[in-house]
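Shown next, in structure tokens, is the structure this report addresses.
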Amino acid sequence: MNLLLDTHAFLWWLEGTHLPEEVAARISDPEQPVAVSAASIWEASVKEALGKLHTPEPLVEVVADDGFRPLAISFEHAARAAELPPHHRDPFDRMLIAQAQIEGLTIVTHDAQFARYDVPILSC
């Protein structure tokens, strides 16, 4: 199962906090493909600019340094996100759901709203 980190899961990974031990072990497994979406970098950057978040290092560097696969936003992802039912109002999360559906990824998340969509979840 290939993983896609929700923004908070990515930030928890960076901080070394909150992630259950078994989830952290899956993410750190060098045989486990893990993706981080451009939407998560965008969301965290917006929150940092608003003063709601502080990251100790540039997130793009963390993605590369930790061996995560960067996942760009495509036209297909954008179209799917627009078609999703409005169970979740957060546009960043809707993009992650669309990307997971199209790319066949399992989302690592703590957000219970994701379960309302047709997408595999690894709860953290």
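The values are calculated or read from the model by the stated rules, or taken from the named source; none is laboratory data. Just so it is clear, the structure is predicted and the values come from calculations on it, not from any experiment. Positions of Cβ are backbone-derived with ideal geometry, glycine not excepted, and every protein chain shown enters the neighbour counts.
Looking at the range 28-51 only, could you name the residues that are closer than 15 Å to Glu15 by Cβ and more than 12 Å from the chain's Cα centre (by Cα)?
Ser28, Lys47, Glu48
Please find, among Val62, Val36, the residue that is at pLDDT 95 or above and of a type in the set (Val, Ile, Thr).
Unique residue meeting the criteria: Val36.
Report, ordered by the first and then the second residue, all pairs with beta carbons closer than 8 Å, sequence separation of six or more or different chains, a first member in the range 58-73 that is free of Cβ contacts under 8 Å to residues at least 12 places away in the same chain, and a second member that is of a type outside the set (S, T, N, Q).
Sorted first by the residue in the range 58-73, then by its partner, the pairs are Ala64/Pro70.
Answer yes if at least one residue in the range 108-120 is assigned to a strand (DSSP E or B), touching a helix residue (DSSP H, G or I) at 6+ places or on another chain (Cβ under 6 Å) and without any contact (Cβ under 8 Å) to a residue 40 or more places away in the chain, and no otherwise.
no
Out of the residues in the range 98-110 that are in contact with a strand residue (DSSP E or B) (Cβ under 9 Å, 6 or more places away or on another chain) and under 21 Å from Ala24 (Cα atoms), which is surrounded by the most Cβ atoms within 10 Å (Cβ to Cβ)?
If we filter the range 98-110 for residues that are in contact with a strand residue (DSSP E or B) (Cβ under 9 Å, 6 or more places away or on another chain), which is where we start, we get 99-100, 103, 105-110.
Then drop every residue that is not under 21 Å from Ala24 (Cα atoms), which leaves 100, 105-110.
On the way: Ala100: 28, Leu105: 23, Thr106: 15, Ile107: 26, Val108: 25, Thr109: 24, His110: 16.
Restricting to residues being in contact with a strand residue (DSSP E or B) (Cβ under 9 Å, 6 or more places away or on another chain) and under 21 Å from Ala24 (Cα atoms), the top hit is Ala100.
Looking at Trp13 and the list (1) more than 19 Å from Val119 (Cβ to Cβ); (2) in contact (Cβ under 8 Å) with a residue 60 or more places away in the chain; (3) of a type in the set (A, V, I, L, M, F, W, C), which single condition is not satisfied?
(2)
Taking the conditions exactly as written (touching a helix residue (DSSP H, G or I) at 6+ places or on another chain (Cβ under 8 Å), charged (D, E, K, R), loosely packed, with under 14 Cβ neighbours inside 10 Å and more than 15 Å from Asn2 (Cβ to Cβ)), does Glu76 satisfy them or not?
It is true that Glu76 is touching a helix residue (DSSP H, G or I) at 6+ places or on another chain (Cβ under 8 Å), charged (D, E, K, R), loosely packed, with under 14 Cβ neighbours inside 10 Å and more than 15 Å from Asn2 (Cβ to Cβ).
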